[in-house]
Structure formats: structure tokens, C-alpha cells
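**Q** Quick one: the structure is below, questions incoming.
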Amino acid sequence: IAQATGLSGYLDGTIPSPSPTTANIQGAAPAPTPVNLHSPTLEEWELHDVQIAGIIYQNVKDPCSMGITQDMSAQVMWIALTTK
């Protein structure tokens, strides 16, 4: 699913979380970017990360026993699953 949706970079770290930036003074909304862009805005990154993290969490039979919690990033969840 991650590969098909263009979100695999959130699992392997090739799309890292960007640093928070200052708000746009004029209040204009930024232009949307492709889901697999390697430099998304912080808001886009958070949205995409939550999407793939939710998919992972919902597909693990017993996430607590695997050390996975809902507040983890997708990459942290993925590492927890692939290193056990």
C-alpha cells in the first residue's frame, strides 16, 4: 500500500519531516504538492505520515504487543515491526 500510494518514503526515511517554517505573512495557502515529493511542507508531511501510520496501525493484530502506539510516526512504527 505504501508503494502504491507514493508514501514509502515516509517508512524508509527518504522523505524526512521538514523543519517548522514561519507562517506566511499574507496568509495565502501554499500550492499543493505531489504526495511523493521529497520536500513537502510540514503540514503536508504530517498529513501523509498520519495516513500511512494509520494504515500500519490498523493492520497490526496486536499493536501494543509489538510496541506500537498511535502517536508514533510511520517510520518509527515500521522500524518497530521490521526489527522484531
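The values are calculated or read from the model by the stated rules, or taken from the named source; none is laboratory data. Please read these numbers as outputs of a predicted model, since none were measured by experiment. Note: ideal-geometry Cβ built from the backbone for every residue, glycine included; neighbour counts use all protein chains shown.
**Q** Mind checking which pairs have a first residue in region 2-15 that is free of Cβ contacts under 8 Å to residues at least 40 places away in the same chain and under 15 Å from VAL50 (Cα atoms) and a second that is surrounded by 15 or more Cβ atoms within 10 Å (Cβ to Cβ) and small (Gly, Ala, Ser), Cβ under 7 Å, 6 or more apart or different chains?
**A** SER8/ALA2; ILE15/GLY9
**Q** Now a separate question. Out of curiosity, is ILE52 closer than 15 Å to LEU11 by Cα and touching a residue at least 40 places away in the same chain (Cβ under 8 Å)?
**A** Details: closer than 15 Å to LEU11 by Cα: yes; touching a residue at least 40 places away in the same chain (Cβ under 8 Å): yes.
For ILE52, the condition - closer than 15 Å to LEU11 by Cα and touching a residue at least 40 places away in the same chain (Cβ under 8 Å) - is met.
**Q** Determine if region 40-58 includes at least one residue that is of a type in the set (A, V, I, L, M), at pLDDT below 95, loosely packed, with under 12 Cβ neighbours inside 10 Å and at negative phi.
**A** No, there is no match, as no residue in region 40-58 is of a type in the set (A, V, I, L, M), at pLDDT below 95, loosely packed, with under 12 Cβ neighbours inside 10 Å and at negative phi.
**Q** Kindly establish whether THR69 is surrounded by 10 or more Cβ atoms within 10 Å (Cβ to Cβ), among the β-branched types (Val, Ile, Thr) and touching a residue at least 12 places away in the same chain (Cβ under 8 Å).
**A** On the way: surrounded by 10 or more Cβ atoms within 10 Å (Cβ to Cβ): yes; among the β-branched types (Val, Ile, Thr): yes; touching a residue at least 12 places away in the same chain (Cβ under 8 Å): no.
So THR69 does not fit the description; no.
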